[in-house]
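The structure under discussion appears below in the form of structure tokens.
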Amino acid sequence: MNLQHRVQAIFTQLQVPLPAAGTLAVRSPIDQSVIATLSPTPLASVEPMVHSAQAAFEAWRQVPAPVRGQVVRTLGELVR
């Protein structure tokens, strides 16, 4: 099953309609107002991104847990 069919199957299982072509509205869960719009990524670009994310995950999981924890704590402090 190709990626497009897998995505369609997931959306169907979740009972969420597939978005139409064009921009995608990001809505606030509070009042459903549009807070951002996104442009869809061409399907041909998605698989390389997924493979890149998988490679990053594989590298991250090799980092010892205490070090990962410190990185997350530091990031949290920067966000605050």
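The values are calculated or read from the model by the stated rules, or taken from the named source; none is laboratory data. The structure displayed is predicted, hence computed values, not measured ones. Please note: Cβ atoms are built from the backbone with ideal geometry, for glycine as well, and neighbour counts cover all protein chains shown.
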Exercise. VAL71 is checked against (1) surrounded by 10 or more Cβ atoms within 10 Å (Cβ to Cβ); (2) modelled with pLDDT under 85 and fails just one. What number does that condition carry?
Worked result: (2)
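Taking the stretch 14-39 as the search range and keeping residues that are of a type in the set (S, T, N, Q) and surrounded by 10 or more Cβ atoms within 10 Å (Cβ to Cβ), which one is farthest from GLN4 (Cα to Cα)?
Residues of the stretch 14-39 of a type in the set (S, T, N, Q): 15, 23, 28, 32-33, 37, 39.
Filter again for surrounded by 10 or more Cβ atoms within 10 Å (Cβ to Cβ), leaving 23, 28, 37.
Details: THR23: 18, SER28: 27, THR37: 22 Å.
Here the residue is SER28.
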Exercise. Applying the selection to the stretch 16-44, what residues are part of a strand (DSSP E or B) and of a type in the set (Gly, Ala, Ser)?
Worked result: ALA25, ALA36
For this session: Would you check which residues across the stretch 45-63 are assigned to a helix (DSSP H, G or I), at pLDDT 90 or above and hydrophobic (A, V, I, L, M, F, W, C) and list them?
Result: MET49, VAL50, ALA53, ALA55, ALA56, PHE57, ALA59, TRP60
Exercise. Checking PRO42 against (1) loosely packed, with under 10 Cβ neighbours inside 10 Å; (2) within 16 Å of the chain's Cα centre (by Cα); (3) at pLDDT 85 or above, which single condition isn't satisfied?
Worked result: (3)
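In the set VAL79, VAL50, VAL71, which member is under 20 Å from the mean Cα position of the chain (by Cα) and over 21 Å from VAL7 (Cβ atoms)?
Working: VAL50 fails: over 21 Å from VAL7 (Cβ atoms); VAL71 fails: under 20 Å from the mean Cα position of the chain (by Cα).
Among VAL79, VAL50, VAL71, only VAL79 is under 20 Å from the mean Cα position of the chain (by Cα) and over 21 Å from VAL7 (Cβ atoms).
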